[in-house]
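Colleague: I'd like to ask some things about the structure below.
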Amino acid sequence: MAAELGSEYDVIVEGHPGRTSVFDDPIEGSHKNGQAALPALLESHRPIDLVIVMLGTNDLKARFNVAAHDIALGVERVVLDIRRSDCGAAGAAPQVLLASPVPVIEAGIFKEIFAGAAQKSQALPALLRTVAERQGVAFADMGQHATVDPVDGIHLDAAAHGAIGMAMAAAVLDSLT
């Protein structure tokens, strides 16, 4: 994404393996809660023009036992917190680009951890699109551009990362122009 956008854009990556939207993870730790980490991330990088939110995959873990609708509501909480922040230009809120993650498949070493996740992940794009519309933020469905690696059903291979980078760059340009 950064290469496609060019040097005029400063892309700050704040992805964290295992991050959830709003859930403390009882196995991997409470530091995986995206909503809890958000204020420090926003303040440490201010002013921010655009925040890209792509959460929900880890919320699909069987240990959380939540419906796709509830995952979308959790992601919406994160979007609301960004829109209420003063971390954008001149103390305003930054713009938000809500990206739906790539749907998962139940395979490989994560099959049990993500039991029941495939069907829920197929429902997320439409639910997250509704959240974006309700909140008046931009939306991009990354499942339209890439698929997960069938080896583990969750992660992306190099080609999928490249496809998402290109799609995300286009979505960023659409959001900021």
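Colleague: Determine whether Gly34 is touching a Lys or Arg at 6+ places or on another chain (Cβ under 9 Å) and either among the hydrophobic types (A, V, I, L, M, F, W, C) or closer than 20 Å to Ala132 by Cβ (or both).
Modeller: Here the answer is yes, as Gly34 does meet what is asked.
Colleague: Name every residue in segment 67-106 that is in contact with a Pro (Cβ under 6 Å, 6 or more places away or on another chain) and within 24 Å of Ile164 (Cα to Cα), in order of residue number.
Modeller: Across segment 67-106, the qualifying residue is only Ser100.
Colleague: Need a quick list: helices (runs of 4 or more DSSP H) entirely within segment 31-137 having at least 3 residues that are out of contact with any strand residue (DSSP E or B) (no Cβ under 8 Å at 6 or more places or on another chain), free of Cβ contacts under 8 Å to residues at least 40 places away in the same chain and among the aliphatic types (A, V, I, L, M).
Modeller: 34-45
Colleague: Right, here's the next one. Working carefully through the options Gly108, Gly136, Gly91, Gly165, find the one that is more than 30 Å from Ala40 (Cα to Cα) and out of contact with any Phe, Trp or Tyr (no Cβ under 9 Å at 6 or more places or on another chain).
Modeller: Gly108
Colleague: Oh, and also: Which of the following residues is of a type outside the set (S, T, N, Q), in contact with a helix residue (DSSP H, G or I) (Cβ under 8 Å, 6 or more places away or on another chain) and surrounded by fewer than 23 Cβ atoms within 10 Å (Cβ to Cβ): Ile48, Ile71?
Modeller: Ile48
Colleague: (1) within 22 Å of Pro26 (Cβ to Cβ); (2) in contact with a Leu (Cβ under 7 Å, 6 or more places away or on another chain): which one isn't true of Cys87, the others all being true?
Modeller: For Cys87, the exception is condition (1).
No lab work stands behind these numbers, since they all come straight from the coordinates. Values in this document were obtained by computation on a predicted structure and should not be read as measured data. Note: ideal-geometry Cβ built from the backbone for every residue, glycine included; neighbour counts use all protein chains shown.
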